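Worksheet: the structure to be examined is printed underneath.
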Amino acid sequence: MECKLQEMGEAQVMAAARDSVFNRVRMGYAVIESRKTDAWRLLLGEALGMQAEIQSDQSLSARMDDHVRRLIVVPGPSEDLQALGMELADEQALAVVLKRLAKRGIDVKESTTAAAQQRGVHRFWHFTGPKGLTIELYHQPRLVGAPPRMATSGFITGDKGFGHVAMSTRRPDQMKQFWREIFDIRHTDDVHYTISGVPMLFEFMRFNPRHHSIAFVYTPKIRLDPIRTRIQHLEVQAATLDDLGAAWERCRALGLTIAMSVGQHANDKAISFYVATPSGFDIEFGWNPLEVDEASWDPAVWTRISTWGHHFEGQTLAGRLGQLGRGVASLLRKEYVPAGF
Ligand SMILES: [Fe+2]
């Protein structure tokens, strides 16, 4: 890539860096670090219906579409999202993002062949993003001709990516500045909502017509963060309502912990449920969120998360107190953002 950048010439590269990558970037894959590979295989494969298989390097990979894999669980102790693979539409869009990172002095390294193989891409570039989340950049996924063998009809992915993530943050201004400056995210809408007596702000951001690919959750005044993991949840989008209903039934039959019951979100109108993962954050299994029409979109402020359903399930008093304790403890913890943000 560096050679290519030199071939392009400095003037061309600078012009490219001014280009927007909006609608030329999507969430391509997620890497989770966990020691609970069998429990993850049960969740992704048997419950949610993906083609989930243990690989020769002991990672678990889940296929959802023509990409060789979308969710990857690598063995390790953190029980957290380790990396997000951001897919750029082409080499020029990748060059734009790399140039922006270089301009900010952010250290970017190229992947090893083994790591690229594990992610199901030809090669990628990586750096440490906000909250210590590794961000990986690529534009050539490895594709498979044969359809995935799944217990569900399909997932909505393609040029809008595999779904979305929601992250709590104590540094929302720096977080938003980072994603805006490097990836041209746009603000879709907001929800102002009180949970267990704590007022919360939810800001929904898009990279493309998908209503949101990333959402930031934070407290408006004293910055608390009760979430141990880097994300509160990761969403995948089912192709049909029947798929959602069947996955809901399978999760319950397998005795998995339902975090929130089936309901409909107020802002994007998605119908979904949330199931707890073995690593502590949730997976939202969603269907039919609306898309943003850039010409007519009017960002609204909502005062509720859901119009119906999405009831908390299995939330014990001890669990709530534990979250409160972690929220207070978070005041003493520093949240990483790349230098300069
Ligand atoms: Fe969500």
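Residues in the stretch 209-235 that are farther than 20 Å from Gly132 by Cβ and within 16 Å of the ligand (Cβ to nearest atom): Arg210, His211, His212, Glu235.
For the stretch 264-287, the set of residues classified as within 22 Å of Val31 (Cα to Cα) and either among the hydroxyl-bearing types (Ser, Thr, Tyr) or more than 12 Å from the ligand (Cβ to nearest atom) (or both) consists of Tyr274, Val275, Ala276, Thr277, Pro278, Ser279, Gly280, listed by residue number.
Tell me which residues, restricted to the stretch 141-156, are more than 16 Å from the ligand (Cβ to nearest atom) and assigned to a loop (DSSP other than H, G, I, E, B). Please lay out each step first, then the result.
So in the stretch 141-156, the residues more than 16 Å from the ligand (Cβ to nearest atom) come out as 141-154.
Answer for the stretch 141-156, where residues must be more than 16 Å from the ligand (Cβ to nearest atom) and assigned to a loop (DSSP other than H, G, I, E, B): Arg142, Val144, Gly145, Ala146, Pro147, Pro148, Arg149, Met150, Ala151, Thr152, Ser153, Gly154.
Filtered by the rule that a residue be open to solvent by 10 Å² or more (accessible area, probe 1.4 Å), outside any helix (DSSP H, G or I) and away from the ligand (no atom under 12 Å from the Cβ), the stretch 236-263 gives Ala239, Thr240, Leu254, Gly255, Leu256, Thr257, Ile258, Ser261, Val262.
Between residues in the stretch 222-247 that are more than 14 Å from Met50 (Cα to Cα) and not assigned by TED's automatic domain parsing to the domain that holds Lys131 and residues that are aromatic (Phe, Trp, Tyr) and open to solvent by 50 Å² or more (accessible area, probe 1.4 Å), which pairs lie under 8 Å by C-beta distance while being six or more apart or on different chains? Pairs found: Thr240/Trp287; Leu241/Trp287. For the stretch 188-207, a residue qualifies if it is touching a residue at least 40 places away in the same chain (Cβ under 8 Å) and either among the charged types (D, E, K, R) or more than 16 Å from the ligand (Cβ to nearest atom) (or both), and the qualifying residues are Asp189, Asp190, His192, Ser196, Val198, Arg206.
Scan the stretch 93-105 and tell me whether some residue there is open to solvent by less than 10 Å² (accessible area, probe 1.4 Å) and outside any helix (DSSP H, G or I). Break it down into steps so the answer makes sense when it comes.
Within the stretch 93-105, the first condition is being open to solvent by less than 10 Å² (accessible area, probe 1.4 Å), and the residues that meet it are 93-97, 101.
Cutting the leftovers down to outside any helix (DSSP H, G or I) gives us none.
Within the stretch 93-105, not a single residue is open to solvent by less than 10 Å² (accessible area, probe 1.4 Å) and outside any helix (DSSP H, G or I).
Do we have His164 as outside any strand (DSSP E or B) and within 25 Å of Glu335 (Cα to Cα) here? Can you show your working first?
Working: outside any strand (DSSP E or B): no; within 25 Å of Glu335 (Cα to Cα): yes.
Here the answer is no, as His164 does not meet what is asked.
Is at least one residue of the stretch 191-200 open to solvent by 50 Å² or more (accessible area, probe 1.4 Å) and within 27 Å of Gly129 (Cα to Cα)? Checked the stretch 191-200: at least one residue is open to solvent by 50 Å² or more (accessible area, probe 1.4 Å) and within 27 Å of Gly129 (Cα to Cα). Of all the residues in the stretch 161-180, those that are within 16 Å of the ligand (Cβ to nearest atom) and either acidic (Asp, Glu) or more than 22 Å from Leu290 (Cα to Cα) (or both) number 2.
Inspect the stretch 205-220 for any residue being at pLDDT below 95, open to solvent by 30 Å² or more (accessible area, probe 1.4 Å) and over 20 Å from the mean Cα position of the chain (by Cα) and give the result as yes or no. Yes, because at least one residue in the stretch 205-220 is at pLDDT below 95, open to solvent by 30 Å² or more (accessible area, probe 1.4 Å) and over 20 Å from the mean Cα position of the chain (by Cα).
The values are calculated or read from the model by the stated rules, or taken from the named source; none is laboratory data. All of these numbers come straight from a predicted model, not from anything done at the bench. Here the Cβ is made from the backbone with ideal geometry for all residues, glycine too, and neighbour counts use every protein chain on show. Protein only, heavy atoms only, side chains kept; ligands, DNA and RNA dropped before computing areas. Shrake-Rupley method; radii C 1.70, N 1.55, O 1.52, S 1.80 Å.
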